[in-house]
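K.L.:
Below you'll find the structure I mean.
The values are calculated or read from the model by the stated rules, or taken from the named source; none is laboratory data. Just so we're clear, the structure is a prediction, and the values are computed from it rather than from any experiment. Ideal geometry is used to build each Cβ from the backbone, glycine not excepted, and the neighbour counts take in all protein chains shown. For the accessible areas, the whole protein counts, side chains as well, though only heavy atoms, and no ligand, DNA or RNA atoms are used. Shrake-Rupley method; radii C 1.70, N 1.55, O 1.52, S 1.80 Å.
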Amino acid sequence: MSIENKTIDRAAQEMLRRTQADGVEVVWDRLEAQEPQCGFGTLGLCCRNCLQGPCRINPFGKPDRGVCGADAHTIVARNLLRSLAGGAAAHVDHAYDVLEALKKIAEGSAADYELKGEEKLKAVAAKIGLDTANKDKNTLAQEVAARAYETFTSHSSEPMAWLKYWAPAERIETWTKLGVVPRNADREIREAMHQTTMGMDADPVNLLLAGIKQGIVDGFAGLKLATDMQDIIFGTPQPVTTQTNLGVLKKEYINVVVHGHVPLLSEKIVQWCRELEEDAKEAGAAGINVAGICCTGNEVLMRQGIPSATNFLGQELALATGAVDLMVVDVQCIMPSLTNIAQCYHGEIVTTMPITKIPGADHVPFSFEEADQQAEKIVRKAIASFKRRDMARVKIPDEKADIIAGFSTEAIVGALSKVDESDPLKPLVDAIKSGAILGAVGTVGCNNVKITQDLMHVEMVKKLVANDVLVVATGCSAHALGKAGLLHPNATNEFAGEGLKAVLTVVGEAAGLGGPLPPVLHMGSCVDNSRIGDLLMALADYLGVNVKDLPVAASAPEPQHEKALSIGTWAVAMGIFTHLGLPPQVLGSDVVAGTLTGDKLESLIGGKFYVETDAKAAVEGIIEHIKAKRQALGI
Ligand code: BF8
Ligand code: SF4
């Protein structure tokens, strides 16, 4: 495969030429070594859920059952449910960590942090029915944390706490009818594991309903809870300008890269990189430069304007610059190969979490109680590592793009309020009604090595905005769009349709940008997809309709992680038409694939999956859906 077919990112292409010349193996090489990938696995038709297996089903004949008698539909549905539980578990565990942090900070046992998001704290407390008057922030935060913990500790059959507070009544009613309302996040994930063990559920439709429940668990006990807690601890993002791509690394500086997902550590690393600036200079560097990768990169980008180095598929290539002195990781989406690449080019890999260790990496255990001490230790390691760097081997691609990020729901409403202070959503809703904005699409999710890096994200979004569709983005999609210049106001003039351009210009100028807003609003990390949910719920509320009736869609053009599947399932459960640019491993069962993409699911829940691997066709399908929703609304 040519380098141009591996990635459209010019910085990544340059680094790939380097790794190829040096004979250093990276993710694309490992995919090639795996090919042809197992056909049974690709279709979801293998099962190793008990020791009588592994069993595999022949899609064209015999055997058509596993040893225990499970058929293709059971096996495919069971495998999918396990993946969805995996995705939900990742986000819920992340949320639980930041909830625990909030509690400790509020109680004073994590003294290295202070609560910066007082406004958010009050807004959340009011929404969940707490009396906010005359309480200091730490007392109020303890009360919020206690309520949030009920999401995990309730033993009743009531809807899960964080869902009960935030989900629209219409959704709870719909989910209740389908029997998919989660009660307790941990219990539901446990139940999914139980339900998929040998000799349990064999009914594919029942298993799929359980999968939808996992999506709802993820959306409320994962995404929403994590975002709320993080905003209370670190503040709600507001627009920031910064840069993205490997060109943000600086040769003369000590380069520290934060990678992973949870901002508890990365925020501290950013702080300590600033505090140890003088020590860095003493070591001969011009200073310390921090850059982010993946979603923890998005978190510090959104709140601190820290530049982002690259997205998922570029993580090894950042090390191939030879300029990364230290990469510190927390959880999720971290390639175990990083230590090999660092050995070839330079740089120390530091793991920090007890459930994410990598052989060859240095492990510095992270805790909220001693966060400053540990962050300082890690940054000092970076300074020591810089002294070992071979400057002759540093090769930083001269590629970076200017971006605006930080569009939390609050920031978007804030910008709109500059157009209409008393009724901020009105300008947006009017633009949608008049057709100046046809609809909105959230492009989210990953890179996947099976798809040319960033290509599907960028191609789809250029076509969407040209058709007057407003795009909001998170996760690695936002990184991809940033690298391609789409998170900058110039892209509005270059790519947006006339209607969209006019609206973005009015709002951008009113908000003091001196020009349009970018055509793509960067709303944050993957857990920040909850911000998109909040915005949609607010819009639906304003219009007096349900989220499922809005002219909107979601798209994960290049999904790779189980989290992308569980987020997508949450979107479908919210009633959203959800595009995937690559089919999940379910094609071995027409019952499963057909149900997930079928009209029956849409009639029951309002949303469904739409799989299309071609960018142009995918955009056509999405626009057709948006137009049908507009027609149904009579606009
Ligand atoms: O949580 S988009 S590759 S980094 S899983 Fe991973 Fe996918 Fe990137 Fe963020 Ni989300
Ligand atoms: Fe085979 Fe059934 Fe065991 Fe799966 S659960 S490995 S299909 S015997």
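K.L.:
As a check on your grasp of the helix formula, calculate [θ] at 222 nm for the chain: sum -39500 (n - 2.57) over DSSP H runs of n ≥ 4, divide by the residue count, round to the nearest 500. It would help to have the intermediate numbers written out before the result.
P.N.:
Details: 29 runs with 324 residues, N = 635.
When only DSSP H runs of four or more count, the value is -15500 deg cm²/dmol.
K.L.:
Highest mean first, how do 235-246, 173-184 rank when packing is the count of other Cβ atoms within 10 Å averaged over residues?
P.N.:
235-246, 173-184
K.L.:
I would also like to ask the following. Taking amide H positions as placed 1.01 Å from N in the peptide plane, with prolines and chain starts having none, which residues 5 or more places from Gly439, or on another chain, fall under 5 Å of its amide H?
P.N.:
Sorted by chain and number, the residues that satisfy this are Leu470.
K.L.:
Further question on the same structure: List the lysines whose Cα lies under 30 Å from the Cα of Lys137, skipping any in the same chain that are fewer than 8 positions away.
P.N.:
Answer for Lys137, where 30 Å is the Cα cut-off: Lys103, Lys104, Lys116, Lys120, Lys122, Lys127, Lys164, Lys224, Lys268, Lys418, listed by chain and number.
K.L.:
Which shape class, rounded, prolate or oblate, goes with the stretch 246-393 when its Cα gyration tensor gives a ≥ b ≥ c as root eigenvalues, a/c under 1.5 marks rounded, and past that a/b bigger than b/c marks prolate?
P.N.:
Because its axes are fairly even, with a/c under 1.5, the stretch 246-393 counts as rounded.
K.L.:
If you add up the charges near Asp468, with Lys and Arg at +1 and Asp and Glu at -1, over every other residue whose beta carbon is less than 15 angstrom from its beta carbon, what do you get?
P.N.:
Here the charged neighbours net out to +2.
K.L.:
Over what distance in Å are the Cα centres of the stretch 384-411 and the stretch 322-377 separated?
P.N.:
17 Å
K.L.:
Shape verdict for the chain, please, from the Cα gyration tensor: rounded (a/c under 1.5), prolate (a/b greater than b/c) or oblate. Mind dumping the intermediate values first?
P.N.:
On the way: a/c = 1.27, a/b = 1.12, b/c = 1.13.
Because its axes are fairly even, with a/c under 1.5, the chain counts as rounded.
K.L.:
Averaged per residue, what accessible area in Å² does the chain show with a 1.4 Å probe, protein chains only? Before the final figure, lay out the partial values.
P.N.:
On the way: 23380 Å² over 635 residues.
Per-residue accessible area for the chain comes out at 37 Å².
K.L.:
Quick one: Karplus J couplings for the stretch 376-382, per residue in order, coefficients 6.51, -1.76, 1.60, θ = phi - 60°, nearest Hz, x for Gly and Pro?
P.N.:
4, 4, 5, 5, 5, 4, 5
K.L.:
So, in Å, what gap is there between the alpha-carbon centers of the stretch 182-198 and the stretch 76-124?
P.N.:
When both Cα centres are located, 19 Å separates them.
K.L.:
Still on this structure, please answer the following. Given H placed 1.01 Å from N in the peptide plane, which residues other than close sequence neighbours of Val240 have an amide H under 5 Å from its amide H?
P.N.:
Distant-sequence amide H within range of Val240: Ala405, Gly406.
K.L.:
Another question, then. Please give the peptides 254-264, 571-581 ranked by average Cβ packing (other Cβ atoms within 10 Å per residue), highest first, as a rough proxy for protection.
P.N.:
254-264, 571-581
K.L.:
Let me ask another. In whole angstrom, note down how far apart the Cα centers of the stretch 221-269 and the stretch 561-635 are.
P.N.:
30 Å
K.L.:
Per-residue HN-Hα couplings for the stretch 166-173, Karplus 6.51 cos²θ - 1.76 cosθ + 1.60 at θ = phi - 60°, whole Hz, x for Gly and Pro?
P.N.:
Karplus-based 3J(HN,Hα) across the stretch 166-173 equals 10, 6, x, 4, 4, 5, 4, 5 Hz.
K.L.:
Summing Lys, Arg as +1 and Asp, Glu as -1, what charge do residues with Cβ under 12 Å from the Cβ of Ala496 carry, Ala496 excluded?
P.N.:
Here the charged neighbours net out to 0.
K.L.:
Hey, what did the stretch 72-234 get for relative contact order, percent, Cα under 8 Å, at least 6 apart?
P.N.:
Normalised by residue count, the contact order of the stretch 72-234 is 43 percent.
K.L.:
Rank-order 477-486, 514-523, 500-509 by packing density, defined as the average count of other C-beta atoms within 10 Å over each peptide's residues, highest first.
P.N.:
477-486, 514-523, 500-509
K.L.:
Each residue of the stretch 531-540 in order: what ³J(HN,Hα) in whole Hz does its phi give by Karplus 6.51 cos²θ - 1.76 cosθ + 1.60, θ = phi - 60°, with x for Gly and Pro?
P.N.:
Couplings: 5, 5, x, 4, 5, 5, 5, 5, 5, 4 Hz.
K.L.:
Skipping prolines and chain starts, which residues have an amide H placed within reach, meaning under 5 Å, of the one on Gly287, given they are 5 or more residues away or on another chain?
P.N.:
Close amide H contacts, sequence-distant or interchain: Ile254.
K.L.:
When the chain is fully extended, how far beyond the present Cα-Cα distance does Asn138 get from Phe60, taking 0.36 nm per residue of separation?
P.N.:
Extra length available between Asn138 and Phe60 comes to 21.8 nm.
K.L.:
As a test question: what accessible area, to the nearest 10 Å², does Cys295 have when a 1.4 Å probe is rolled over all protein chains in place?
P.N.:
Approximately 0 Å² for this residue.
K.L.:
At 1.4 Å probe size, with the rest of the protein present, what percent of the exposed accessible area of the chain is carbon and sulfur atoms?
P.N.:
On the way: 11760 of 23380 Å².
For the chain, the apolar C and S fraction of the accessible surface comes to 50 percent.
K.L.:
Please give every one of the lysines within straight-line cross-link reach of Lys462, meaning a C-alpha to C-alpha distance under 17 Å, and leave out same-chain neighbours fewer than 8 residues apart.
P.N.:
Of all the lysines, those that pass the test against Lys462 - Cα under 17 Å, at least 8 places apart if same chain - are Lys483, Lys501, Lys616.
K.L.:
Separate question: All other residues with a Cβ under 11 Å from the Cβ of Ala632 taken together, and with Lys, Arg as +1 and Asp, Glu as -1, what is their net charge?
P.N.:
Residues close to Ala632 contribute a combined charge of +3.
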